[in-house]
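Trainee: Input: one structure, supplied below.
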There are 2 protein chains.
Amino acid sequence: MRNLITDVAGVKVGSAHDGKLASGVTALVFDAPATASLAISGGAPGLRDAALLEADMTVQQIDALVLSGGSAFGLDAVGGVQSALREIGRGFEVAGQFVPIVPGAILFDLANGGDKSFWGEPAYWRLGKAAARAAAADFALGSHGAGLGATLVDLKGGLGSASARTPEGFVVGALVAANAVGQATIGETPHFWAAPYEQGDEFGGLGWPAQLPAGALTLKMKGAAPQNTNIAIVATDATLTKAQAKRMAVMAQDGLARALRPVHAAMDGDTVFSAATGRAKGNVDALALTTIGAVAADCLARAVARAVYEATSLPFAGALPGWREKFAS
Amino acid sequence: MRNLITDVAGVKVGSAHDGKLASGVTALVFDAPATASLAISGGAPGLRDAALLEADMTVQQIDALVLSGGSAFGLDAVGGVQSALREIGRGFEVAGQFVPIVPGAILFDLANGGDKSFWGEPAYWRLGKAAARAAAADFALGSHGAGLGATLVDLKGGLGSASARTPEGFVVGALVAANAVGQATIGETPHFWAAPYEQGDEFGGLGWPAQLPAGALTLKMKGAAPQNTNIAIVATDATLTKAQAKRMAVMAQDGLARALRPVHAAMDGDTVFSAATGRAKGNVDALALTTIGAVAADCLARAVARAVYEATSLPFAGALPGWREKFAS
């Protein structure tokens, strides 16, 4: 186990980013079409080709998912991923044409100090294509791909991932670009809100603070930025219906609730995609679905903390520090 | 401040229950119609007259909200509350008739040992009427009203409430009938998952365990019961639009995520109603709305722990113990 979402059989992840732009794209490509859905819990989502993921819509399976920086401009990245998949013959057949089905979501990173003068060219389309081509079992966490430009209110955000096995034996993983309006850590301490869910020392092993510091619950938020967003994917090797995948996504949102304070706000686009590759056969009843959802929530909470733990600051004046830069001295 | 949802100006709460039935009803009555919405995060909700709460529906304000035991039978309680309100001239005027607008939600407590042979009479209708008539600023927590029949997997559930003030000065409160498929406490310890949010010693003041016990994350769930549900109301004295009330409800669900493990499962009906009485004037921008939502989540997490902390066991063989009976020795 790599402790990555790619521990789920049939899942590969690739990232591409541009240091000058201070933004990037992460693509999750399925080896074969996967059943998928989503849960949108933020008030300001930015999505492309996501309406089809509702349980009452016709298309059941998709080819890839995209997490991108760039706010609504970043939705171009989906087209780049589609281009890469079309070149290798992937897609849903319609009248002899193959259309790769690729939903995507974006986060707001336009105010992070990077050079955002990409108006004349499809910058995110190119990054999306490169990300899809880079898809592999191993990929880097922290300041990479869709996490390169991500920030929290007080620390650098990033790309995170984690995996686990449910009691029934299904593998579950999470991938997140953590770009929250608030905090992943408690007050001024280095302790993560996600500490109860940590496995080993995957994000420093500090545990819970002996005592909650005064003001630990004081809300610290990016007051001036109108848009922020955590975008995530949870996946399992179980065989789920689309409606069951929806339930998995709803439960996984609880991982964001446990790892971030606050989250799901009016100005957030917080979205969790869910996917089931079906490599593990066997009936998934309500109880097994609940454990898949609960473990997905755990993995997503851990992925958020790992994203922040692994991130390094952007090379711009006034950039927010990475967790290690601030605390590991 | 009573540390109850009735700290929100314009809100009164009443409960009624039947010890032999081991179930009951809690009604929240607004002094004047309040703007309301809801967020449904469980996979098996039981609701009455709730479709109108979506932001795109016409009716903007409601007269009362109902939390009831009795599974789908308990939806009769809404009729009883309407009857009590009609007698005092409350309601939405339609062609000279006054129709009290009263959405409600139920929880599953049919397997808690009580005498459920009420088939021949509208037991919950009567309890609903009595609950509405009892509405007042003071009301009891624990094994009362909709919380009388409630259980978790390992402890008695109950009725809980809490309140707080946002940095902008708005009062926010929460009311919950905690009847979860899982746990509110950590492993075998008396510590609540909601500990970080506790104010004073409102649920025992034990704080967080020095170390998470082995197996703390092992999922403990009511395996045999097909239905469980946490039903809740969050309210504020702020002036919100219906769409803003929806956002408040979505964010408040994070309080359930932080207080319960697991929650929002396939067999849960977890629903949070939200309401704004508008007694406090002033613009609520995205930032103020976010603090209202975040504080509502805190209050709901605290209300869950208070529900469990205050509950006492049902007088039946094999009944689950109350928190104090199990731990406060």
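Trainee: For A:Gly207, place a label point 7 Å from Cα along the Cα-to-Cβ direction in every copy; what are the distances to the other copies, in nm, shortest first?
Mentor: 1.3
Trainee: If you don't mind, there's one more thing I want to ask. Could you give, in nm with one decimal, how far A:Phe316 is from each other copy of that position, shortest first, with labels 7 Å out from Cα toward Cβ?
Mentor: In nanometres, ordered from closest: 6.2.
Trainee: Could you size up the charge dipole of the protein assembly as shown around its Cα centre, putting +1 on the beta carbon of Lys and Arg and -1 on that of Asp and Glu, and report it in debye to the nearest 20?
Mentor: Using only the charged Cβ atoms, the result is roughly 80 debye.
Trainee: Shifting gears a bit: What does region A:250-291 give for Rg and for Dmax, in Å, if only its C-alpha atoms count?
Mentor: Reported Rg and Dmax, both Å: 13.9, 40.
Trainee: With all distinct Cα pairs included, what does the Kirkwood hydrodynamic radius of region B:111-213 come out to in Å, to one decimal, could you say?
Mentor: For region B:111-213, the Kirkwood estimate is 16.3 Å.
Trainee: Convert each backbone phi in region B:121-133 into a coupling constant with the Karplus relation 6.51 cos²θ - 1.76 cosθ + 1.60 (shift: θ = phi - 60°), then list the ³J(HN,Hα) values in order as whole Hz, x for Gly and Pro.
Mentor: Per-residue couplings from phi come out as 8, x, 4, 6, 4, 5, 5, x, 5, 5, 5, 5, 5 Hz.
Trainee: In terms of Cα to Cα distance under 18 Å, which aspartates and glutamates are near enough to A:Lys222, apart from those fewer than 8 places away along the same chain?
Mentor: Qualifying aspartates and glutamates at Cα under 18 Å: A:Asp109, A:Asp154, A:Glu188, A:Asp268, A:Asp270, B:Glu168, B:Asp285.
Trainee: Can you give the local net charge around B:Thr271? Use residues other than it whose beta-carbon is closer than 14 angstrom to its beta-carbon, Lys and Arg +1, Asp and Glu -1.
Mentor: Neighbourhood net charge equals -2.
Trainee: Considering only DSSP beta bridges with both partners in region A:5-327, what is the antiparallel share in %, to the nearest 5?
Mentor: In region A:5-327, DSSP labels about 80 percent of beta bridges as antiparallel.
Trainee: For A:Ala162, list long-range residues whose amide hydrogen, built 1.01 Å from N in the peptide plane, is under 5 Å from its own amide hydrogen.
Mentor: HN-HN under 5 Å from A:Ala162: A:Ile5, A:Ala174.
Trainee: List, in order, the whole-Hz ³J(HN,Hα) value for each residue of region B:296-303 obtained from phi through the Karplus relation with A = 6.51, B = -1.76, C = 1.60 and θ = phi - 60°; use x for Gly and Pro.
Mentor: My calculation for region B:296-303 gives 4, 5, 4, 4, 5, 4, 5, 5 Hz in order.
Trainee: OK, next. For A:Lys129, go through the lysines and keep the ones whose alpha-carbon is under 17 Å away, minus same-chain ones fewer than eight residues off.
Mentor: Once the sequence-local lysines are set aside, what remains near A:Lys129 is A:Lys12.
Trainee: Further, regarding this structure: For the rotation that superimposes chain A on chain B, which residue of A has the C-beta lying nearest to the axis, and at what distance in Å?
Mentor: Output: A:Ala257, 2.
Trainee: Taking θ as phi - 60°, what are the ³J(HN,Hα) couplings along region A:175-190 by the Karplus curve (6.51, -1.76, 1.60), each to the nearest whole Hz, with x for Gly and Pro?
Mentor: Result, rounded to whole Hz: 9, 9, 9, 8, 8, 7, 5, x, 10, 9, 10, 8, x, 8, 7, x.
Trainee: Something else about it: B plus A alone minus the pair: what accessible area, both sides summed, probe 1.4 Å, in Å² to 100?
Mentor: Buried area between the two chains comes out at roughly 2800 Å².
Trainee: Per the Cauchy relation, a quarter of the hull surface: what is the mean projected area of the convex hull of the alpha carbons in the protein assembly as shown, in nm²?
Mentor: Its average projected convex-hull area is 29.3 nm².
Trainee: So which of A:Lys156/A:Lys326; B:Lys20/B:Lys220; A:Lys242/B:Lys242; B:Lys156/B:Lys220; A:Lys116/A:Lys326 end up more than 19 Å apart, counting from Cα to Cα?
Mentor: Cα-Cα > 19 Å for B:Lys20/B:Lys220; A:Lys242/B:Lys242; A:Lys116/A:Lys326; rest within.
Trainee: Now for a separate question. With an 8 Å Cα cut-off and a minimum separation of 6 or more residues, compute the relative contact order for chain B in percent.
Mentor: Computed value for chain B: 25 percent relative contact order.
Trainee: Quickly estimate the mean residue ellipticity at 222 nm for chain B, helices only: each DSSP H run with n ≥ 4 gives -39500 (n - 2.57), and the total goes over all residues, rounded to 500.
Mentor: Dividing the helical sum by the residues of chain B leaves -7000 deg cm²/dmol.
Trainee: Determine the sum of side-chain charges near B:Asn3: Lys and Arg each +1, Asp and Glu each -1, restricted to other residues whose C-beta is under 15 angstrom from that of B:Asn3.
Mentor: Taking every other residue near B:Asn3 into account, the sum is -3.
Trainee: Ratio of Rg to Rh for chain B, alpha carbon only, Kirkwood?
Mentor: Across chain B, the Cα-based Rg/Rh ratio is 0.95.
Trainee: Oh, and also: Quick check: convex hull over the Cα atoms of region B:160-221, volume per residue in Å³, rounded to an integer?
Mentor: About 106 Å³ per residue, rounded to a whole number.
Trainee: How big is the dipole moment of region B:171-329 about its Cα centre under a simple scheme where the beta carbon of each Lys and Arg is +1, that of each Asp and Glu is -1, and everything else is neutral? Debye, nearest 20, please.
Mentor: Magnitude of the dipole: close to 300 debye.
Trainee: Which distances, in nm and shortest first, link the B:Val59 label point to the same label point in every other copy, taking 7 Å along Cα→Cβ?
Mentor: 3.8
Trainee: Please give the average number of partner chain Cβ atoms lying within 10 Å of the Cβ of each residue in A:281-291, rounded to a whole number.
Mentor: Mean inter-chain Cβ contacts per residue within 10 Å come to 4.
The values are calculated or read from the model by the stated rules, or taken from the named source; none is laboratory data. It should be emphasised that the depicted structure is a prediction, and the values quoted were computed from it without experimental measurement. Using ideal geometry, Cβ is built from the backbone for each residue, glycine included, and neighbour counts are taken over all protein chains shown. Accessible surface areas use protein heavy atoms only, side chains included; no ligands, DNA or RNA. Shrake-Rupley method; radii C 1.70, N 1.55, O 1.52, S 1.80 Å.
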